[in-house]
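The values are calculated or read from the model by the stated rules, or taken from the named source; none is laboratory data. Note that the structure is predicted; figures quoted are calculated from it, not measured. Neighbour counts run over all protein chains shown; Cβ positions are idealised from the backbone, glycine included. These area figures cover heavy atoms from the full protein model, side chains too; ligands, DNA and RNA do not enter into them. Shrake-Rupley method; radii C 1.70, N 1.55, O 1.52, S 1.80 Å.
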Amino acid sequence: MSEAYATGAASPLIRLDHVSRWYTRGVDEVHALEDCSLEIPAGRFVAFMGPSGSGKSTLLNLVSGIDRPSAGEVWVAGQLLNELSEDELAAWRARHVGLIFQFFNLVPVLSARDNVALPLLLTDLPRAERQQRAEIALRVVGLEHRVGHSPRTLSGGEQQRVAIARALVSDPDLIVADEPTGDLDARNAEATLGLLRQLKEEFGKTVVMVTHDPRALRFVDQVFHLDKGILLEGEAERRAHEALVLAGGAAPASAGGAAPAASAAGRGA
Amino acid sequence: MSYLGLVLANLRRNRLRSLLTGGAIALAVLLVCILLTMPAGLDALLSRLSNNTRISVVNKAGLVYSMPYAFARKIRALPGVEDAVGQVWFGGAFEDDGKVTFPNFAVEVDHIETVYPDYGISPQGLADFRRYRDGMIVGRETMKKYGWKLGDRVTLRSTVWPANLDLRIVAEIPNDRSPIAWINREYLDQALKAKGRSLGILGIVWVKVTDPKEVNSVMLRIQELTRNSEAETSTQTEKSFFSAFFGSLEGFVTILMVVTVLVSLCIVFIAGNTASMAVRERAGEIAVLKAIGFRRGSIFSMLIAETVMLSFTAGAAGVGLARLLTELLRNAAAGSPQLGPLGGFIVNQAVVVQGLLLSLAIGVVAGVVPAFGAARKPVAQTLREVF
């Protein structure tokens, strides 16, 4: 690993180098991810796709610094995440990562604005500025008229937009989304994917998403296909991608499509 | 929104549960505070009843055993003794009650004034007590109980001696909480002699010491005086005497304190269970907070702050209620001889501090395990379990 890469401008925002992740569940050892290497440049909208148990969420957790690899190296925004302690990782996530989950996971006793302002509690910003930034983030996702509403009074789509605003509010380098459309109807799913695309287009954010949703192909720049903990390459990857297109998706917007992207490290659209 | 706002919002999340848990804590703290007033209340009661220069002398074998009458005279002659009054249990029952409903003793009338200067008995009453052999001094509580007044004549039938004495009330002990009555020892002695008996014994001698510093040496001298006699004696200060008399009550208080500690422990477990449930229900949210960058220390602090805040607020309410209750009791006791002694049980500053510390401890102990568990668990593992 070169020093220039580790600190580097002009280097990918995310780089995984022969990463594996296994853990024990009872007496069994589960190999969730095997020898995975990839690079994602800054400002891309990328999807990890594959069947349940393929290792997508594990990969997402590693990229977002929620989990640490059992082997290999994870570099994000010039930081080798392996060497950070649990608390250092938490601080790093607060600065660099915005997270979106399938079930929104908003705090039901807080208003939309307070939910969005939650990550800013970890900063030194005064209360008024935290509130102001939260309102701006809500405006970006089109919910400026719902700032004082409780999550219970919001629709699923609106709750997911609040969650997106929460991910955006601390102006992170990277936004990661775990099945963001999994609990939404078709209209809201499209709107959410459009919003994530907008974060990439208008704010230059790098967005990494795990999804089963074939509609995502129309919004992302690049797709990585996984199966049984392995990043697919070559023919296997091509077949997986074709199956996805047949299921209702379309080729990703960027030149080269998904298939070339889902190859070995450094290859992408 | 701030950290405090987040903690308060979480407390409002399930209002009924917070209210019920807080109510249980408040009730437990109230109970503990009231019980904590008991040792100090009893002490105050004993202090009011007793005098620090008065000591009692009884037969070493026990209060029911007698001593020779001559002991009183010998004790009076000891250095450091201002005066001493010998008393014997008369055990008089009023009218047809058949039972002794108030303590009454035959006493040496000439020594009452010096031994009990703090009782506030009127000089005229004391003079009449010396003048009339059938005179009787009665505590105000008994006076009120039977509706007696000065000059009334009453007959007491002894349950111990073969004597029914006609007595006239010549003085009152002006203390609402005093039930005792004193009669003239010579009067009883004459009544017994008329029936061929004699009163040559004492049940107790109350000794007035000249100087509080002399109390211990006088007690030693009295014990030395009666050593190897037919009735060796035991001496103690008036406060110790009443303390021993109320010993069974103190034992009861000890039991109550033990029960209170157990109740407090139960409350800790209940509050702990509530905190665990709350943490379990919010596992997803806590995982998300950790995922977006909240450190383990912050998560731990927020969760422990919730239980401490609930417990402390509820405990403070319990302390306030206990104080209010004892104040009401004290006010009620001021006008009621029956409730009188209860007026001494006050939730003072020390009890307030102890009650608040207990509330704090309940919050910390109840919250520490679930908060630590939630904070310690790696975020990836929590997310895997929850989602």
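Couplings 3J(HN,Hα) for the stretch A:43-52, derived from phi with the Karplus relation 6.51 cos²θ - 1.76 cosθ + 1.60 (θ = phi - 60°), are x, 9, 10, 10, 10, 9, 10, x, x, 4 Hz, where x marks Gly and Pro.
Please give, to one decimal in nm, the separation of the simple spin-label points placed at B:ALA231 and B:VAL258, each 7 Å out from Cα toward the Cβ. Label at B:ALA231, label at B:VAL258, 3.7 nm between them. Amide H to amide H, with H built 1.01 Å from N, A:VAL46 comes under 5 Å of A:VAL207, A:VAL208, A:MET209, A:ASP221, counting only residues 5 or more places away or on other chains. For the stretch B:1-120, averaging the sequence separation of C-alpha pairs within contact (under 8 Å, six or more residues apart) and dividing by the residue count gives a relative contact order of 14 percent. When chain A is treated as a GNM with alpha-carbon contacts under 10 Å, the residue of A:ILE230, A:ILE164, A:ILE100 showing the greatest mean-square fluctuation is A:ILE230. Taking the DSSP bridge list for chain A and keeping only pairs wholly inside it, about 50 percent are antiparallel.
Derived scalar couplings between HN and Hα for the stretch B:313-325 equal 5, 5, x, 4, 5, x, 5, x, 5, 4, 5, 4, 4 Hz in order, rounded to whole Hz, by the Karplus curve 6.51 cos²θ - 1.76 cosθ + 1.60 (θ = phi - 60°), x for Gly and Pro. Between A:ASP178 and A:ILE100, A:PHE101, A:GLN102, A:VAL210, the built amide H atoms are under 5 Å apart, and every one of these is 5 or more places off in sequence or on another chain.
Solvent-accessible area of B:ARG282, all protein chains in place: 20 Å² (probe radius 1.4 Å, heavy atoms, ligands and nucleic acids excluded). Secondary structure note: in the protein assembly as shown, about 65% of the DSSP beta bridges are antiparallel. For chain A, the solvent-accessible area with a 1.4 angstrom probe is 40 square angstrom per residue. Ranking A:ASP171, B:ASP128 from most to least accessible surface, computed with a 1.4 Å probe over the protein chains only, gives A:ASP171, B:ASP128. With a Förster radius of 30 Å applied to the beta-carbon distance between B:LEU357 and A:LEU84, the computed FRET efficiency rounds to 0.15.
Taking Cβ atoms as reference points and 10 Å as the exclusive limit, the residues near A:ASP67 contribute a net charge of +3, counting Lys and Arg as +1 and Asp and Glu as -1. The apolar share of the surface of the protein assembly as shown, taken as the fraction of accessible area on carbon and sulfur atoms (1.4 Å probe, ligands and nucleic acids excluded), comes to 56 percent.
Our estimate of slack between A:LEU246 and A:SER37, defined as 0.36 nm per intervening residue step minus the Cα-Cα distance, is 72.5 nm.
Averaged over the residues of A:104-112, the number of partner chain Cβ atoms lying within 10 Å of the residue Cβ comes to 5.
Calculate the FRET efficiency for B:LYS144 and A:SER155 from the Cβ-Cβ distance with a Förster distance of 45 Å, rounded to the nearest 0.05.
It comes out at approximately 0.05.
Annotation for A:GLU201 and B:ARG330: the two label points, set 7 Å from Cα along the Cα-Cβ direction, are 7.6 nm apart. Under a 10 Å cutoff between Cα atoms, tell me which one of A:VAL76, A:VAL97, A:VAL140 has the largest fluctuation in the Gaussian network model of chain A. Fluctuation is largest for A:VAL140.
In terms of the mean number of neighbouring beta-carbon atoms within 10 Å, the peptides A:49-56, B:14-21, B:133-140 order highest first as B:133-140, A:49-56, B:14-21.
Each Cα pair under 8 Å and six or more residues apart adds its sequence gap; the mean of these over the residue count of chain B is a relative contact order of 27 percent. Note on B:ARG153 and B:ILE201: with the Förster distance fixed at 25 Å, the Cβ-Cβ geometry gives a FRET efficiency of about 0.35. DSSP assigns beta bridges within the stretch B:61-231; of those with both partners inside it, close to 70 percent run antiparallel.
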